[in-house]
Amino acid sequence: MLCKKLSADGVANLSDLFVVFISNENKHIPMWHQKASHRADGIILWDYHVICIQKREEENSVDLVWDLDSNLPFPSKLPSYVSESIRPSFELFSEFQRVFRIVHAPVFLRSFASDRRHMKDSEGNWISPPPEHKVIVAEDGTVHNLNQYIDMSTKDVLKDLGEDSVNVVYIEQLGVLVGESQLEQFFSCFSR
């Protein structure tokens, strides 16, 4: 919904936006400066988290991160967001290592589907109130594929970043997987 709004409001071209899912095998990823946290540093453990990255084409421009759950500036510059919210320099145990699934927004908007089943308990009751917008159905009629997007493993992370991996993100429904040290590097692989 954020990608659609940024595009509709003329803030960004849809082709400049990328949906980034953050998770790992254990579904325990630390993120700092999150509104849901009750700690001063804003750290929280999410099962998964989703942000939008805007690849800006202007010369000498910095890419932006749009995170609706962060208390950092909205948007934040990618290097600042990585440094403050992801904190790659913070030594994490292996079970907390984050993996990033990067999906080009136009591909994502055609392919993603969520009927919100992940927001209900085992009895079928809402864990928290659902968003007001309608459930999301993919162009092909799929009603739920969220698990495909958040199912990720460090062993599936790209070994080498380059032009080929950048090209794949434009066509693959599930985009590409990069590790913590590769997120900023991935976006630097695009030619301006």
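Quick look at the numbers
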read-out: Which listed residue, of N125, N147, is open to solvent by 20 Å² or more (accessible area, probe 1.4 Å), more than 24 Å from I43 (Cβ to Cβ), over 19 Å from the mean Cα position of the chain (by Cα) and not aliphatic (A, V, I, L, M); value: N125
read-out: Any pair with Cβ under 6 angstrom, 6 or more apart, that starts in the range 76-99 at a residue that is of a type in the set (K, R) and ends at one that is surrounded by fewer than 17 Cβ atoms within 10 Å (Cβ to Cβ) and at pLDDT 80 or above; value: K77/V62
read-out: Residue list for the range 152-162, restricted to those being in contact (Cβ under 8 Å) with a residue 60 or more places away in the chain and assigned to a loop (DSSP other than H, G, I, E, B); value: M152, S153
read-out: Complete set of residues in the range 131-142 that are under 20 Å from the mean Cα position of the chain (by Cα) and either polar (S, T, N, Q) or surrounded by 11 or more Cβ atoms within 10 Å (Cβ to Cβ) (or both); value: P131, V135, I136, V137, A138
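Condition check ((1) in contact with a Ser or Thr (Cβ under 8 Å, 6 or more places away or on another chain); (2) within 19 Å of D69 (Cβ to Cβ); (3) at pLDDT 90 or above) across all residues:
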residue	(1), (2), (3)
L92	no, no, no
E95	no, no, no
S128	no, yes, no
P131	no, yes, no
L146	yes, yes, yes
I150	yes, yes, yes
D156	no, no, yes
E172	no, no, yes
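The values are calculated or read from the model by the stated rules, or taken from the named source; none is laboratory data. Predicted model only: the values in this text are computed from it and were never measured. Note that each Cβ is placed from the backbone with ideal geometry, even for glycine, and that neighbours are counted across all protein chains shown. Only protein heavy atoms, including side chains, enter the accessible area calculation; ligands, DNA and RNA are left aside. Shrake-Rupley method; radii C 1.70, N 1.55, O 1.52, S 1.80 Å.
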